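Asks: Pasting a structure below so you can have a look.
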Amino acid sequence: MEFLCLILFLSVAASWFFANEYDILFGVYTPTCAMTRRCFNSVVFICLLSALWKSRRCDVTESVQACLPGALEARTIIVIILSSMIVLMVLKSFRIRGSAIYAVLGALGACSVISGGEYDPQWSLLLSFIAAPLMTFVLSSAIRAFFRAVFSKVKVHLITMSYYMRLAVIFSIVLTVYALGLNWGGLLFGVSSMIADEKTILAAVLVVCIVMLLSLRIDKGQNDEPYGPFADFSIYAVVSVGLSVAVVMMFFSFRSATSLIGLAPVPLSVSSLVIAAIAGAETAQKTRLVGNLGYVKESVAFIAVPFCSFVLTY
């Protein structure tokens, strides 16, 4: 029963990501055509699996485990999955795309309250969730301003510039995939360790990976033509957004980095970081890339998803 619940939990999390958040994270790279579709899929598969393997004992896993009261029963896992998916689907019906990360964390918070009897908020974790989008905004704005300052003064041939920016995009893709696996893997393994032992977890991860490869098209967001708001991005905005999101996710995956500013490693929402990075790029280049409605929806999702998931689970 534990093994089936574990597979169900991992499958639901992976399915939601590929169906709703994959395009947000990697859609920014589509207009660049820096990599072929087959090469891109290979990079995603290899880097993601290697990062997931390393995340078994990463600092994010320890932070998630510290918030949980103990072992999770099968019925508790079912409640967490149902509550999270109900909240996400209801918000999606209003065209608000929430993050499965925050939904699961809200549900786990309710389980911790019920098991412990009293609520002991982890302020370092809460501050990390707030600080991460702010850091992404600042970093994206700084990178975009740097590109603006350098290329306005330095005369570089267009072909040479395209070559170096393509290398920057490829580096951003690799770093983004690895940071995603390390950060999200911390949550998945943190929760999974409360359900079963390590051998069972690894077997479940292998089964889920095989199912995902057979049933899901990992190249869903890799269309031949640019689409959505990312179609209007300049190459500088692409690198600014992608690189800032990857660096922030990597930063909040290691305690040695977050402890420098008194925060804790936490799993982060992909959509909130991307929107914050786009806002930073907009500020630096003084042009609009996303409408006000997009920022309103993301703000609502940032607050409503964990809160509603907490209440429904409780």
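Asks: If you scan segment 136-150, which residues turn out to be open to solvent by 60 Å² or more (accessible area, probe 1.4 Å) and touching a residue at least 12 places away in the same chain (Cβ under 8 Å)?
Replies: Within segment 136-150, the subset open to solvent by 60 Å² or more (accessible area, probe 1.4 Å) is 137-138, 146, 148.
Once the filter is applied, which keeps residues that are open to solvent by 60 Å² or more (accessible area, probe 1.4 Å) and touching a residue at least 12 places away in the same chain (Cβ under 8 Å), segment 136-150 yields F137, V138, R148.
Asks: Of the conditions (1) out of contact with any Pro (no Cβ under 7 Å at 6 or more places or on another chain); (2) modelled with pLDDT of 85 or more; (3) of a type in the set (G, A, S); (4) outside any helix (DSSP H, G or I), G221 clears all except one; give me its number.
Replies: (2)
The values are calculated or read from the model by the stated rules, or taken from the named source; none is laboratory data. Keep in mind that this is a model prediction, so the values were computed, not measured. Note that each Cβ is placed from the backbone with ideal geometry, even for glycine, and that neighbours are counted across all protein chains shown. Ligands, DNA and RNA are stripped out before the accessible areas are found, and what is left, the full protein with its side chains, is counted by its heavy atoms. Shrake-Rupley method; radii C 1.70, N 1.55, O 1.52, S 1.80 Å.
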